[in-house]
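Peer 1: This is the structure I want to talk about, given as structure tokens.
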Amino acid sequence: MKFGTKAIHAGQEPDPSTGAIMTPIFQTSTYWQKSPGDNKGFEYSRGTNPTRKALEDCLAALENAKYGLAFSSGMGATDAVMKLLAPGDEVITGNDLYGGSYRIFTKIFSNYGIKFHFIDMTDSENVQKYVNDQTKLIWIETPTNPTMQIVDIEAVSKIAKQNNILLAVDNTFASPYLQNPIDLGADIVMHSVTKYLGGHSDVVMGALMLNDDELYKRLWFIYNACGATPGPMDSFLVLRGLKTLHLRMKAHCENGRQIAEFLKTHPKVEKFTGMISITLKGADLQETYRIASSFKSLINHPVSMTHGSIPKSERDKVGVVDNLLRLSVGVEDVEDLLEDLKQALS
Ligand SMILES: *Cc1c(COP(=O)(O)O)cnc(C)c1O
């Protein structure tokens, strides 16, 4: 099946009891069992729920993976991966991460004896230098949020495999429409489903996709034991959102391209990284706030929002500077988005 067909149909069969073609919202906590253990594979909705299962199978298909696990947020999914580790283990990760990932690594898991190396991963040779006997996980985010740096997943996966290290990739920014890390050698793909996958700004959710049977058992154990699993209503909303993922991604890419063309020559723009982050020429924090507030469409000021938990010295090193703004180029008519940019930057 091709991508768009999978986004619409994967994991979803007509409901056997009614013939409903859309997966029902199984709003139930528990399931009837004829005798203990004699059930249809569902016991208690923290661990298993049919609406969530349909979504997980669809999410797995989109990443060419065997298994999907949905979590109640992207951070919940990241948390589960980190719980594969034990005190003394080391993690190699990028120096330009989503602020919440940096926060959970430094403020939560560092307290449990896990050591993190935040390094420049755009040069995969650099990764090798930090590998030792304690290294158990490499965590890649690519493209990075918000500076759009690119990490070579395939090159890093070779290093991971040679050294028997798990490789997890936060694929939120590319979406499975543009990049499939498992095909490039990753063991686990993580998504903040809240973003492109959900696509309608009405659900917070996370997901892990993977192939290995043993790893799936370990992660499912954590998922059920720790319980950060989403409910059936949210699962239904994401199943619904996914049906337009391929259409939306095409429109995002086309709008992003046209906006990049516009920004390339705009006198107020110092540089724009990748497609959607811009630093403003000569703007201080106040001026940057003013411009950010005058946008009608969604805009992010990483320093005061998503990346506020990263110390300024660290932020400045990787270019998350005070005058950086990140656009979330939507699927509105591009003429309206350009009009908005023109007035905000005037
Ligand atoms: C939003 C985001 C997360 C966190 O996901 P939540 O669903 O907000 O918990 C992780 N990584 C990236 C790249 C993100 O953009």
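Peer 1: Simple spin-label model, 7 Å along Cα-to-Cβ: SER297 to ARG103 in nm?
Peer 2: The modelled label-to-label distance comes out at 2.7 nm.
Peer 1: Please give the helix 213-226 orientation as an angle from the longest Cα principal axis of the chain, in degrees from 0 to 90, rounded to the nearest 10.
Peer 2: Taking the Cα atoms of the chain, the angle to 213-226 is about 90 degrees.
Peer 1: With charges only on Cβ, +1 for K and R and -1 for D and E, what is the dipole size of region 3-242 about its Cα centre, in debye, rounded to 20?
Peer 2: Using Cβ point charges on Lys, Arg, Asp and Glu, region 3-242 gives about 580 debye.
Peer 1: Right, next: Work out the length of the dipole vector of region 262-346 about its Cα centre, built from +1 on the beta-carbon of each Lys and Arg and -1 on the beta-carbon of each Asp and Glu, and round it to the nearest 20 debye.
Peer 2: Magnitude of the dipole: close to 340 debye.
Peer 1: Just rank THR147, THR18, fewest to most, by other beta-carbon atoms within 10 angstrom.
Peer 2: Least crowded to most crowded, the residues run THR18, THR147.
Peer 1: Before anything else, pin down the relative contact order of region 245-344: Cα pairs under 8 Å, at least 6 apart, normalised by residue count, whole percent.
Peer 2: Relative contact order of region 245-344: 34 percent.
Peer 1: Quick one: ARG103, ARG257, fewest Cβ neighbours within 10 Å first, how do they rank?
Peer 2: Neighbour counts put them in this order, fewest first: ARG257, ARG103.
Peer 1: Would you be so kind as to identify which of GLY308, PRO267, THR279 lies farthest towards the positive end of the dipole of region 263-310, taking Lys and Arg as +1 and Asp and Glu as -1 on Cβ and the Cα centre as origin?
Peer 2: My answer, from the dipole projection, is PRO267.
Peer 1: Would you work out which of LEU84, VAL320, HIS252 lies farthest towards the positive end of the dipole of the chain, given +1 charges on the beta-carbon of Lys and Arg and -1 on that of Asp and Glu, about the Cα centre?
Peer 2: It is LEU84.
Peer 1: Checking the cross-link filter: which aspartates and glutamates have an alpha carbon closer than 19 Å to that of LYS40, excluding same-chain neighbours under 8 positions apart?
Peer 2: Leaving aside aspartates and glutamates fewer than 8 places away in the same chain, those within reach of LYS40 are GLU13, ASP15, GLU56, ASP57.
Peer 1: Quick one: which residues, 5 or more positions from THR135 or on another chain, have an amide H under 5 Å from its amide H? H modelled 1.01 Å from N in the peptide plane, none for Pro or chain starts.
Peer 2: Amide H neighbours of THR135: GLU90.
Peer 1: Ordered by residue, what ³J(HN,Hα) values in Hz, to whole numbers, does region 298-306 give under the Karplus form 6.51 cos²θ - 1.76 cosθ + 1.60, where θ = phi - 60° and Gly and Pro are x?
Peer 2: Calculated HN-Hα couplings, in order: 5, 9, 10, 10, x, 4, 9, 10, 5 Hz.
Peer 1: Give the relative contact order (percent, whole number) for region 94-209; include only Cα pairs under 8 Å separated by 6+ residues.
Peer 2: 19
Peer 1: Can you run phi through the Karplus equation (6.51, -1.76, 1.60; θ = phi - 60°) for region 309-319 and list ³J(HN,Hα) in whole Hz, with x for Gly and Pro?
Peer 2: 7, 9, x, 4, 4, 5, 4, 4, 4, 9, x
Peer 1: Once you list every other residue whose beta carbon is under 14 Å from the beta carbon of GLY231, what net charge do they have if Lys and Arg are +1 and Asp and Glu are -1?
Peer 2: 0
Peer 1: Now for a separate question. Counting only pairs 8 or more places apart or on different chains, how many lysine pairs in region 245-344 have C-alpha atoms closer than 16 Å?
Peer 2: For region 245-344, the number of qualifying lysine pairs is 7.
Peer 1: What is the chain's relative contact order, in percent, from Cα pairs under 8 angstrom and six or more apart in sequence?
Peer 2: Once divided by the residue count of the chain, the mean separation gives 19 percent.
Peer 1: Further question: Go through GLY68, GLN128, GLY231 and say which Cα lies farthest out towards the positive end of the charge dipole of region 3-242; charges sit on Cβ, +1 for Lys and Arg, -1 for Asp and Glu.
Peer 2: Positive-end residue among those listed: GLY231.
Peer 1: So, one more: Determine the gain in length on full extension of the stretch TYR112-ASP212; use 0.36 nm per residue of separation and subtract their C-alpha separation, reporting nm with one decimal.
Peer 2: Contour length minus the Cα-Cα distance gives 33.4 nm.
Peer 1: Under 5 Å between amide hydrogens, which residues at least 5 positions from ASP170 or on another chain qualify, with H placed 1.01 Å from N in the peptide plane?
Peer 2: ILE140, GLU141, THR142, MET190
Peer 1: Let me ask something additional. Quick one: order THR51, THR265, THR5, THR229 by neighbouring beta-carbon count within 10 Å, fewest to most.
Peer 2: Listing THR51, THR265, THR5, THR229 from fewest to most nearby Cβ atoms yields THR265, THR5, THR229, THR51.
Peer 1: Quick one: what are the phi-derived ³J(HN,Hα) couplings along region 168-175, Karplus 6.51/-1.76/1.60 with θ = phi - 60°, whole Hz, x for glycine and proline?
Peer 2: Here the 3J(HN,Hα) series is 10, 10, 7, 9, 4, 6, 7, 6 Hz.
Peer 1: Based solely on its DSSP helices, what 222 nm [θ] is calculated for the chain when runs of n ≥ 4 H residues each add -39,500 (n - 2.57) and the sum is averaged over all residues, nearest 500 deg cm²/dmol?
Peer 2: Helix-only estimate at 222 nm: -10500 deg cm²/dmol.
Peer 1: Within region 1-60, report the trypsin sites (Lys or Arg not before Pro) that DSSP leaves as loop and that have at most 16 other Cβ atoms within 10 Å.
Peer 2: LYS2, LYS34, LYS40, ARG46
Peer 1: Round to the nearest 10 and give me the degree value, 0 to 90, for the angle of helix 334-344's Cα axis relative to the longest principal axis of the chain.
Peer 2: 50
Peer 1: Moving to a separate point now. Please get the size of the charge dipole for region 32-82, origin at its Cα centre, with Cβ charges of +1 on Lys and Arg and -1 on Asp and Glu, quoted in debye to the nearest 20.
Peer 2: Charge dipole, region 32-82, about its Cα centre: 180 debye, nearest 20.
Peer 1: Something else: Taking amide H positions as placed in the peptide plane 1.01 Å from N, state which residues far from TYR98 in sequence (5 or more) or on other chains have amide H under 5 Å from it.
Peer 2: Sorted by chain and number, the residues that satisfy this are ASN145.
Read-outs: derived from the displayed coordinates by stated rules, not from any lab. Nothing here was measured: the structure is a model prediction, and the numbers come from that model. Positions of Cβ are generated from backbone atoms using ideal geometry, with glycine treated the same way; all protein chains shown enter the neighbour counts.
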